[in-house]
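Shown next, in C-alpha cells, is the structure this report addresses.
Every read-out reported here was derived from the displayed coordinates using simple, explicitly stated rules and does not represent laboratory data. Bear in mind that the values here come from a model prediction, so they are computed numbers and not experimental data. Backbone-built Cβ (ideal geometry, glycine too); neighbour counts: all protein chains shown.
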Amino acid sequence: MKTFTRAMQALSDPGRVKVLKMLGAAGTLCNCQIHPALGLAQPTVSKHLKVLEDAGFIMGEKRGLWVHYRLNPAPSPLVRTLLDMLAGMLDQDPAVQDAMAAIGPTLSTPPDQNCGCGIMDPRD
C-alpha cells in the first residue's frame, strides 16, 4: 500500500507530471534546465524531484554542483505502468507544451554537451 500511495502522491502535482513528460522527451535534464521551464524556484523543483525520486519514477546523478535526472530505467511494475500510461497522455495540454517548449534546444542537445549550468559532462 505504501508504494502505491507514494506513487499516487508523486503524480498529484502538475509540476511533477510536467517533469516526467520533459524527462521522457529529453532523456536527461539538469535542475538548471527544469526549474526555468516550470517557472518555479530551484529549491521548489529540487523538492519535487526528491518526491519523484523517492517514489521510484526518476534517478539523479550528481555532476559537480548539479544533479542530472532521468527516468528510472528499472522502475517497479507499478511505476512502469504509470510511466507507460503517462507517455501517451497530456501531449496536447497547453501547460505541458509550454514546459516542453521552455527546454526547447536541449531536446536535441547530446548528453555529453554543456547543459547550461556551466558544468561539462564528466564523460568528456
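Of all residues in region 46-58, those satisfying the criterion of being of a type outside the set (Gly, Ala, Ser) and surrounded by fewer than 18 Cβ atoms within 10 Å (Cβ to Cβ) are Lys47, Lys50, Glu53, Asp54.
In region 75-98, the condition of being touching a helix residue (DSSP H, G or I) at 6+ places or on another chain (Cβ under 8 Å), part of a strand (DSSP E or B) and touching a residue at least 60 places away in the same chain (Cβ under 8 Å) is met by no residue. Just to be sure, is Ala41 exposed (fewer than 14 other Cβ atoms within 10 Å of the Cβ) and more than 11 Å from the chain's Cα centre (by Cα)? Considered against the rule, which asks whether it is exposed (fewer than 14 other Cβ atoms within 10 Å of the Cβ) and more than 11 Å from the chain's Cα centre (by Cα), Ala41 comes out as yes.
Close Cβ contacts (under 8 Å, 6 or more residues apart or on different chains) running from residues in region 14-35 that are more than 10 Å from Leu52 (Cβ to Cβ) and without any contact (Cβ under 8 Å) to a residue 12 or more places away in the chain to residues that are not β-branched (Val, Ile, Thr) and not in a helix (DSSP H, G or I) comprise His35/Ala41. Looking across region 1-11, just one residue is part of a loop (DSSP other than H, G, I, E, B) and without any contact (Cβ under 8 Å) to a residue 24 or more places away in the chain, and that is Met1.
Annotation: of all residues in region 28-38 being hydrophobic (A, V, I, L, M, F, W, C) and under 13 Å from Tyr69 (Cα atoms), the one that is surrounded by the fewest Cβ atoms within 10 Å (Cβ to Cβ) is Cys32. For region 12-32, does any single residue satisfy the condition of being within 25 Å of Lys2 (Cα to Cα) and either touching a Pro at 6+ places or on another chain (Cβ under 9 Å) or not in a helix (DSSP H, G or I) (or both)? Yes: region 12-32 contains one or more residues that are within 25 Å of Lys2 (Cα to Cα) and either touching a Pro at 6+ places or on another chain (Cβ under 9 Å) or not in a helix (DSSP H, G or I) (or both).
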